[in-house]
Each structure stands twice: as structure tokens, then as C-alpha cells.
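Below you'll find the structure, written out as C-alpha cells, and then a few comments.
The values are calculated or read from the model by the stated rules, or taken from the named source; none is laboratory data. Quick caveat: nothing in here was measured; it's all calculated off a predicted structure. Cβ placement follows ideal geometry from the backbone for every residue including glycine, while neighbour counts extend to all protein chains displayed. Side chains included, ligands, DNA and RNA excluded: accessible areas come from the protein's heavy atoms. Shrake-Rupley method; radii C 1.70, N 1.55, O 1.52, S 1.80 Å.
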Amino acid sequence: KTHPQVDVTLRANSGGIIHQQILHGDLEIGVCSMAPSPSSMLYSEPYIPLKLVAFAAKNHPVAKKKELALSDLEHVPLIVRMDDDLQSTTHTVLNALRKQGYKLNIAMRCESPEAVQSAVTQNLGIGLLYYDAVKAAVERGSFKIIQIRGLEMEGRTYIVYHKEHPLSPHAEEFLKLLRDWRDQQNAKSVHSGARTKP
């Protein structure tokens, strides 16, 4: 709104590919759920946390339960994003469960969040996505968030850009917008978690 003359190109892909696109000069700034290696030519700074959630169609049998135990995940078909990033939140959560000895029932791997939601809508299983991706559908009542007892599913995102290629003036302004948004979210989090003594 403040820069109507600027054409913004938004690309969604795995963190590894976004890193490569920034290295090759195809992108100026990325927001990824994985930080680049400290030895790479990319700089990263923490952005905002993202909560991964399990969700089901409102008429799925699991949607009637208040919560699931970790052992239930062996019997419920899971629908996840196809993810090659070893540091992604989804990969970290699934890998941690496997290390604890759980045999997960991965029914489908999808290339996009929209494909995951479509499969869940058709009652093919329970989806795993970041809450922001399903928030609107949850608020409409199409999906229900499924609580999983004992499972931590929060990851952090990172702002990524090239260490040696200077950002264009518009990219610098966009970076400032990202930082301002992060600071606003952090302030909200601190405020909502504050307690006052009686």
C-alpha cells in the first residue's frame, strides 16, 4: 500500500531452495524455517516462532476427541508436507517421535499446504501444518485443532539475505517491515504473558 509502484515477487519453496535462490541473486530476502550454515555466504536473523498444529476435518472421528496420546499417532494416518529440510519443524517433530520408538503412519506427503488441507478435507487423515496456514479454516469451523499430549511443535523462522550483495533500497524497506512486524509480535507475546502482583 505504501509502495504501489513496486512489483513484489513472492516465491514459496523449501528452505534449501530459497537459500540457493538468494545465493544466485534470484531473491533478495527469504523467510525460512531453517537457518543457513554459519559458514555460508548467507546471513540469518531470528524472525518469529511458528506453531505446528495437528488438525482434522470437523466430521473426522478424531475431531470428537479432546486430545491424542503420542501412541495414537501410530494408528492415525498423517498427512504432511513433502519436506527435504532436515531442520524444518515438521521433520524435527517426526524424527523425534521416531527416535522415541513410535512407528508413524505417514499416509501422504504433499507439495503444498493447500494440498495437505485438501486431503484432510476428504478425511484421508490428520494434517500437520503451521497454524497460520489453517487459521482461517479453523475459524470457519472446517477444521478442528487436535491436541497431542506431550508433543512440542513450535519452530522458529529466520530472515535470510546475502552477506555480500547489498540489498536494493526497496528490499531494505521490506526488511524494516519484517523487523517491525517481529518486534510487534514479540511485544504482544510479552504483554499477554505478563503478570501483575495483587
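Quick notes
- When each of 73, 86 is tested for being out of contact with any Asp or Glu (no Cβ under 7 Å at 6 or more places or on another chain), of a type outside the set (D, E, K, R), open to solvent by 80 Å² or more (accessible area, probe 1.4 Å) and at pLDDT below 90, the lone residue that passes is 86.
- Cβ separations smaller than 9 Å between residues 6+ apart or across chains give no pair from region 4-18 residues that are over 19 Å from residue 88 (Cβ atoms) and modelled with pLDDT under 90 to residues that are open to solvent by 100 Å² or more (accessible area, probe 1.4 Å) and in a helix (DSSP H, G or I).
- In region 20-38, the qualifying residues are those that are within 18 Å of residue 91 (Cβ to Cβ) and of a type in the set (A, V, I, L, M), and the one that is farthest from the chain's Cα centre (by Cα) is 35.
- Note on region 115-154: residues that are open to solvent by 60 Å² or more (accessible area, probe 1.4 Å), within 12 Å of residue 51 (Cβ to Cβ) and part of a loop (DSSP other than H, G, I, E, B) total 1.
- Count of residues meeting criterion [open to solvent by less than 40 Å² (accessible area, probe 1.4 Å) and not polar (S, T, N, Q)] in region 97-114: 4
- Among residues of region 58-70 being out of contact with any helix residue (DSSP H, G or I) (no Cβ under 9 Å at 6 or more places or on another chain) and in a helix (DSSP H, G or I), the one that is least open to solvent (accessible area, probe 1.4 Å) is 63.
- Residue that is modelled with the lowest pLDDT, among those in region 26-40 that are among the small types (Gly, Ala, Ser) and open to solvent by 50 Å² or more (accessible area, probe 1.4 Å): 39
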